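Here's the structure we're looking at; comments come further down.
The values are calculated or read from the model by the stated rules, or taken from the named source; none is laboratory data. Keep in mind the model is a prediction, meaning the values are calculated, not measured. Every residue, glycine among them, receives a Cβ derived from its backbone with ideal geometry; neighbour counts consider all protein chains shown.
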Amino acid sequence: MDYEQIKASVAPCGLSCEKCFAYGGGDIRRLSLELQEKLGNFEAYAKRYETLLGAPIFGKFPEFKEMLHYFASENCSGCRKEQCKMFKGCGVRPCHQAKMVDFCFQCDDFPCDKTNFDENLHKAWIRINEIIRNEGIEKYYERTLKRPRYV
């Protein structure tokens, strides 16, 4: 994959848009839609299984179905095309546009406090950008393909 293709799937902060639950073209949305289709009208069966199998977990199916619907309905087109739908107050996109850099580590002010990330995400953002700086975006991207986003 070339640099421009990688850049299209990795946000300026370094997180993989493709792996995000909000990304409309990602695996989480695709698999959620597929699971919804496969489950069909499982809700009626879940009530029966709760009683028939004595498995109270099936009583939680409505909550599971609601979460699955949420994952299936997300439709973000990626942080380079629109403001992040997951972190609505994210300061990275407007900053990277103003500074005209592809990734945060390329900015003279990196690391900074303009991200508006919480403490955990801020630490991850610094770590990710250091990895990209030291190993290159291509190698970093290859690593992201093999691991889940939410680790």
**OP:** Being surrounded by fewer than 21 Cβ atoms within 10 Å (Cβ to Cβ) and part of a helix (DSSP H, G or I) is the filter here, so list the residues in the range 1-24 that pass it.
**Re:** TYR3, GLU4, GLN5, ILE6, LYS7, ALA8, SER9, GLU18, LYS19
**OP:** Assess whether ILE131 counts as being out of contact with any Leu (no Cβ under 6 Å at 6 or more places or on another chain), at pLDDT 95 or above, within 23 Å of PHE21 (Cβ to Cβ) and surrounded by 12 or more Cβ atoms within 10 Å (Cβ to Cβ).
**Re:** yes
Original post:
So, of the residues in the range 76-100 that are of a type in the set (Lys, Arg) and in contact with a helix residue (DSSP H, G or I) (Cβ under 9 Å, 6 or more places away or on another chain), which turns out to be farthest from GLN5 (Cα to Cα)?
Top reply: LYS99
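Residues checked against (1) surrounded by 12 or more Cβ atoms within 10 Å (Cβ to Cβ); (2) modelled with pLDDT of 95 or more:
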position: ASN75; (1), (2): no, no
position: ARG80; (1), (2): yes, no
position: CYS84; (1), (2): yes, no
position: GLY91; (1), (2): yes, no
position: LYS99; (1), (2): yes, no
position: PHE110; (1), (2): yes, yes
position: LYS114; (1), (2): yes, no
position: PHE117; (1), (2): yes, no
position: ALA124; (1), (2): yes, no
Original post:
GLU50 versus (1) of a type outside the set (A, V, I, L, M); (2) surrounded by fewer than 17 Cβ atoms within 10 Å (Cβ to Cβ); (3) under 22 Å from GLY14 (Cα atoms): which is the lone unmet condition?
Top reply: (3)
Original post:
Quick one: how many residues across the range 86-121 are over 20 Å from the mean Cα position of the chain (by Cα) and of a type in the set (S, T, N, Q)?
Top reply: 2
